[in-house]
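Peer 1: Before I ask anything, let me first share the structure, which is written out below as structure tokens.
The values are calculated or read from the model by the stated rules, or taken from the named source; none is laboratory data. Only a predicted model underlies this, so the values are computations on that prediction, with no experimental measurement involved. Cβ sites come from the backbone with ideal geometry, for glycine too, and all protein chains shown count toward neighbours. Just the protein is used for accessible areas: all its heavy atoms, side chains included, with ligands, DNA and RNA removed. Shrake-Rupley method; radii C 1.70, N 1.55, O 1.52, S 1.80 Å.
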Amino acid sequence: QVQLVESGGGLVQAGGSLRLSCAASGTIFVLNHMAWHRQAPGKQRELVASISSGGISNYVDSVKGRFTISRDNAKNTMFLQMSSLTPEDTAVYYCQLGDFRGGNMLLYWGQGAQVTVSS
């Protein structure tokens, strides 16, 4: 099994920056991807950013140019660097790891990190 532990959430002012971290432990068979999702109150959880096993990154349009997803393979940790934050970025952010085995995708989730952006 895999455990994901998030850190780095908090309260920031609009225009500020914040970096989220997600540390993975346990047994990963075939890493498919790592990703960040977020969920604002009363809204659906949305995919914010993802990075493939080959290092290819994708972003939802609303964060392009402001957020950067990265990972440190040696430390088994992924990051979400957020800049130019707006109140619309306020949400609980969840990291996700996809472990691909024989046609099955096992998804693991972090506990969530609250990001609050004040105006």
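Peer 1: Which three extents, in angstrom, do the Cα atoms of the chain have along their principal axes, listed largest first?
Peer 2: 47, 26, 24
Peer 1: Sticking with this one: Name the most mobile residue of G98, G54, G15, meaning the one with the largest mean-square fluctuation, in a Gaussian network model of the chain with Cα contacts below 10 Å.
Peer 2: Residue with maximal mean-square fluctuation among G98, G54, G15: G54.
Peer 1: Give the ranking of D99, D61 by solvent-accessible surface, highest area first, calculated with a 1.4 Å probe.
Peer 2: If we order D99, D61 from most to least accessible, we get D61, D99.
Peer 1: Would you mind computing the Rg to Rh ratio of segment 1-49 from its alpha-carbon coordinates, Kirkwood style for Rh?
Peer 2: Radius of gyration over Kirkwood radius for segment 1-49 works out to 1.03.
Peer 1: Turning to a different aspect of this structure: Per 0.36 nm of contour for each residue apart, how much would the distance between K75 and F100 grow if the chain were fully extended, relative to their Cα-Cα spacing?
Peer 2: Length gained, K75 through F100: 7.0 nm.
Peer 1: Between rounded, prolate and oblate, where does segment 68-119 land on the alpha carbon gyration tensor, with a ≥ b ≥ c its root eigenvalues, rounded for a/c under 1.5, else prolate if a/b exceeds b/c?
Peer 2: prolate
Peer 1: For segment 61-119, which trypsin sites (Lys or Arg not before Pro) are in a loop by DSSP, counting at most 11 other Cβ atoms within 10 Å?
Peer 2: Those that pass, being in a loop and sparsely packed, are K64, K75.
Peer 1: Show me, for segment 11-25, the HN-Hα J-couplings you get by feeding each phi into the Karplus relation (A = 6.51, B = -1.76, C = 1.60, θ = phi - 60°), rounded to Hz, glycine and proline as x.
Peer 2: Result, ordered by residue: 9, 9, 7, 3, x, x, 10, 7, 10, 9, 10, 9, 9, 9, 9 Hz.
Peer 1: How about segment 6-43: which trypsin sites (Lys or Arg not before Pro) there lie in a loop by DSSP and see at most 12 other Cβ atoms within 10 Å?
Peer 2: Sparse-neighbourhood loop trypsin sites (Lys or Arg not before Pro): K43.
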